[in-house]
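Here, each number is a calculation from the coordinates, and none is a lab measurement. Note that the structure is predicted; figures quoted are calculated from it, not measured. We place every Cβ from the backbone using ideal geometry, glycine too, and count neighbours over all the protein chains shown.
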Amino acid sequence: EREDEDSEESPRKKRRSGDVAVVVEHYNARPDVGVAQRQESPIIGLKSFNNWVKSVLITRFAHPVLAASPGQWRGRMRGRVLDMGCGKGGDLTKWAKANVAEYIGLDIAAVSVDQARQRHGGSRGARFTAEFFALDCYTTVLSDALPPNLLSTPFDVVSMQFCMHYAFESEAKARIMLRNVATWLRPSGMFIGTIPNAQQLMEHLDELPEDAKDLSWGNSVYKIRFEDRHQRPIFGHRYWFYLQDAVDDVPEYVVHWDNFVRLASEYGLQLVYKKEFHEIYEEHSEHPDFAPLLQRMRVVDANGESQMDEDQWEAANVYIGFAFE
Ligand code: SAM
């Protein structure tokens, strides 16, 4: 029903329709503001916290062999990573710190991909090779789009940060996404990601008054709006998401967790870790590897005070982090 929204005059070479066009246009239009201006964001505390969570996931799960004991998580990765939905390359520094050897970044938003490529090229002493491609990872099988030499050695890690939920528009898209994740991942390789917490979304929806016309909730930082209270399809369960200074009312899809885990298992992926963001914080905030990082990444200030207000903390906890093997 959303097929015809793309205008005839669309200047884009490859015209996309419906929700995908909204998503692509949104991310392409968001400026890459650079490090200094990024610090001025009204939700810098939340952005820093999200970055810290991703650092934890990368450091903890992205290496050839799982660390035997805490404190041995750093600097052990000399592998290959596939970053699907890499955006503007916001995780490049994290991968450098994780000591990755080779990085492939893919995203549907071509402008973001260019910015990611520039960011890698511009970073002094980039210690790993990186290649970037603009492509729809949920409709394109990677072997049809990437140079074969990039897929001849399997990946040690596939990372999908704050982007996998867009694949759950349909079963076909979710399956192509999982096929792309699993086919090129080596045995025991890790698939890590961050997505909104479906259970929490459904609980919020249930808590709305029975006669509510407006099926939305949120605060000064984020807003989530559903269109229907009762129809809860396992694919294509759409809602609209707003996040201050980041996402302007973009269509997203609920990742119903059990459905996702079941589907992932069909592609040989076994769940090893799933936590809400506040649990990831509680689990790692006093760990010797990750506590100093809280300050370095400006999640807390020099006095250990959180840079997030309550509204930002609530928005952060819309999400969960996961790892599959
Ligand atoms: N992973 C990056 C990060 O953590 O900073 C970017 C996250 S951003 C919230 C979501 C990204 O998903 C956007 O860059 C968007 O273009 C990308 N995306 C959405 N649908 C996609 C698709 N079908 N194929 C590839 N990337 C997609």
query = Hey, what does the equivalent ellipsoid look like for the chain, semi-axes from the Cα gyration tensor as sqrt of 5 times each eigenvalue, largest first, whole Å?
reply = 28, 25, 21
task = Only Lys, Arg, Asp and Glu count, each charged at its Cβ (+1, +1, -1, -1), so figure out the dipole size of the stretch 249-302 about its Cα centre, rounded to 20 debye.
result = 180 debye
query = In Å, what Rg and Dmax follow from the Cα atoms of the stretch 189-275?
reply = 14.6, 48
task = As a check on your grasp of the helix formula, calculate [θ] at 222 nm for the chain: sum -39500 (n - 2.57) over DSSP H runs of n ≥ 4, divide by the residue count, round to the nearest 500.
result = -10000 deg cm²/dmol
ask   = Given charges of +1 on the Cβ of Lys and Arg and -1 on the Cβ of Asp and Glu, with all other atoms neutral, how large is the dipole of the stretch 184-325 about its Cα centre, in debye to the nearest 20?
value = 700 debye
The stretch 238-246 - phi-based ³J(HN,Hα) in whole Hz, Karplus 6.51/-1.76/1.60, Gly and Pro as x = 8, 9, 10, 10, 10, 9, 3, 6, 8
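Among the listed pairs Lys213/Lys275; Lys94/Lys223; Lys173/Lys274, which are separated by more than 26 Å between their Cα atoms?
Numbers: Lys213/Lys275 32 Å; Lys94/Lys223 29 Å; Lys173/Lys274 22 Å.
The answer is Lys213/Lys275; Lys94/Lys223.
Can you say what percent of the DSSP beta bridges in the chain, counting only those with both residues inside, are antiparallel? Round to 5.
If we restrict to bridges inside the chain, about 55 percent are antiparallel.
In square nanometres and to one decimal, what's the mean projected area of the convex hull around the Cα atoms of the stretch 119-184?
Over every viewing direction, the Cα hull of the stretch 119-184 projects on average to 5.3 nm².
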ask   = Given +1 on the Cβ of Lys and Arg, -1 on the Cβ of Asp and Glu, and no further charges, what dipole in debye does the chain carry about its Cα centre, rounded to the nearest 20?
value = 1880 debye
inquiry  = Placing +1 on the Cβ of each Lys and Arg and -1 on the Cβ of each Asp and Glu in the stretch 87-176, which of Tyr138, Gly121, Ile104 has its Cα farthest towards the positive end of the resulting dipole?
reply    = Gly121
key: Length-normalised contact order of the chain in % [C-alpha pairs under 8 Å, at least 6 apart]   = 20 percent
request  = Starting with the highest mean, order 263-273, 194-204 by the number of other Cβ atoms within 10 Å, averaged over the residues of each peptide.
outcome  = 194-204, 263-273
remark   = In whole percent, the Cα-Cα distances of the stretch 119-261 spread across 10 Å bins from 0 upward as 10, 33, 30, 19, 7, 1
message = From the convex hull of the Cα coordinates of the stretch 218-259, what is the mean projected area in square nanometres?
response = 3.3 nm²
Directionally averaged shadow of the stretch 173-325, computed from the convex hull of its alpha-carbon atoms, nm² = 10.9 nm²
task = Counting only C-alpha contacts under 8 Å and six or more residues apart, can you give the relative contact order of the stretch 218-325 as a whole percent?
result = 26 percent
